[in-house]
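Down below is the structure, laid out as structure tokens.
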Amino acid sequence: MKNQTKPTPDVKTMFSQLESTLDLYFDKKAPAMPDSVKEALVKYGPYLTAILMFMALPIILGLLGFGAMMSPFAYMGGFRYGLGFSFGLLFTIAILIMQGLSLPALFKRQKSGWNLMFYVALLQAVQNLLRFNLGGLIIGSAISFYILFQIKSYYK
């Protein structure tokens, strides 16, 4: 009798399964947004994101510089605090880069831009989970996924 093992799914398959599960709950089963709100989000959302990122850039650069300077001191509070601080910085940098990369595709209403924003929402959820920020994890993720999956059909 042969040992039959299940092939392990790759990352792309797992993200696809997660996306279809979230689509079921946040698009098909959730109450639908009015079409005018969806259209406004798709039309003006990338502009709003770009403006807010541009306005926040000096603050973000200052915080990242301050964070890099203070990082060694975070480890003085213990390895757990220092590691949490370092992971927070890494997650923040990754989220900002992915948001910036998604903007051109969002302006063109391409699915690749929506996918990047989906990954940003997932990264934010993981960041909240690692920080034990349950309010941000539950409420923030639910709002992000609801908006993302309500406007998903506008991206091709």
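What follows draws every value from the coordinates through simple rules; no lab data is involved. Predicted, not measured: the structure shown is a model, and the values here were computed from it. So basically every Cβ, Gly included, is an ideal-geometry build from the backbone, and we count neighbours across all protein chains shown.
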Inset, instruction - Looking at (1) closer than 21 Å to F145 by Cα; (2) in contact (Cβ under 8 Å) with a residue 24 or more places away in the chain; (3) surrounded by 11 or more Cβ atoms within 10 Å (Cβ to Cβ); (4) among the small types (G, A, S), find the lone condition where G84 falls short. - result: (1)
Inset, instruction - Given the conditions (1) within 20 Å of V120 (Cα to Cα); (2) touching a residue at least 12 places away in the same chain (Cβ under 8 Å), report the number of the one that I97 does not fulfil. - result: (2)
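Please determine whether any residue of the stretch 56-77 is among the β-branched types (V, I, T) and farther than 30 Å from S153 by Cβ. Don't jump to the end; show me each part of the working.
Going through the stretch 56-77, the residues among the β-branched types (V, I, T) turn out to be 59-60.
Retained after the next criterion (residues that are farther than 30 Å from S153 by Cβ): 59-60.
Yes - at least one qualifying residue is present in the stretch 56-77.
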Legend entry - Count of the stretch 48-77 residues which are within 17 Å of K108 (Cα to Cα) and in contact (Cβ under 8 Å) with a residue 40 or more places away in the chain: 2
